[in-house]
Each structure stands twice: as C-alpha cells, then as structure tokens.
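S.K.: Attaching a single structure in structure tokens format; questions to follow.
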Amino acid sequence: MNAKLKPGALAAAGAIVAVAVMLLLGIFGNLGIYSGAVEMMMKWHIFFSLSLMGIIGGMVEAAVISFVLLYLFAWIYNRL
C-alpha cells in the first residue's frame, strides 16, 4: 500500500482552517472570550490584532503560513 498525499489539497484545507480559526479568534476576542488565546495569537502573528484590518491581516498571514508549511510537509512525506 503506497499512500500519497496531495500537497495542494492538504495545503488548501489547512489554509481554510487557519483562516476560520483566526476569524473566530478575532470575533471572540472582541467579545472578551478566549482572551488568553487571542493574546497568544497577537504575540505569534505580526499582523493579527482585534481591529478589522488586524483580523483580516492575521487571516491572510495564517493562510499563507499554513499553506506553505503543509505543502512542504506533504511534499516531504511523499518523497520519503
């Protein structure tokens, strides 16, 4: 059995999940919920903040990082 990952599909799915999580964190952060997680995301991501542009910037940043890392992971997995 030779299982191969589809790098593009895995990377796109991961990017979609990352965008959804950042959007939820932005919404919950503005409501005062999950403030610890929001604070961590503000430290880890350059563009994420609780403003509208900060949430959108964090979503784009998370999507790009997730896409690249998951694509590389799948590519390396398939090579091994």
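The values are calculated or read from the model by the stated rules, or taken from the named source; none is laboratory data. All figures in this text were calculated on a predicted structure; none of them were measured in a lab. No Cβ is skipped: glycine too gets one built from the backbone with ideal geometry, and neighbour counts run over all protein chains shown.
S.K.: Report yes if some residue within segment 20-34 is under 23 Å from LEU70 (Cα atoms), at pLDDT 90 or above and touching an Asp or Glu at 6+ places or on another chain (Cβ under 9 Å); otherwise report no.
M.R.: Among the residues of segment 20-34, at least one is under 23 Å from LEU70 (Cα atoms), at pLDDT 90 or above and touching an Asp or Glu at 6+ places or on another chain (Cβ under 9 Å), which makes the answer yes.
S.K.: Could you list, in sequence order, all residues of segment 28-39 that are in a helix (DSSP H, G or I) and without any contact (Cβ under 8 Å) to a residue 12 or more places away in the chain?
M.R.: Filtering segment 28-39 for residues in a helix (DSSP H, G or I) gives 28-31, 35-39.
Matches in segment 28-39: PHE28, LEU31, SER35, GLY36, GLU39.
S.K.: Kindly list the number of the only condition in (1) more than 30 Å from ALA74 (Cα to Cα); (2) surrounded by 13 or more Cβ atoms within 10 Å (Cβ to Cβ) that fails for VAL19.
M.R.: Among (1) more than 30 Å from ALA74 (Cα to Cα); (2) surrounded by 13 or more Cβ atoms within 10 Å (Cβ to Cβ), VAL19 violates only (1).
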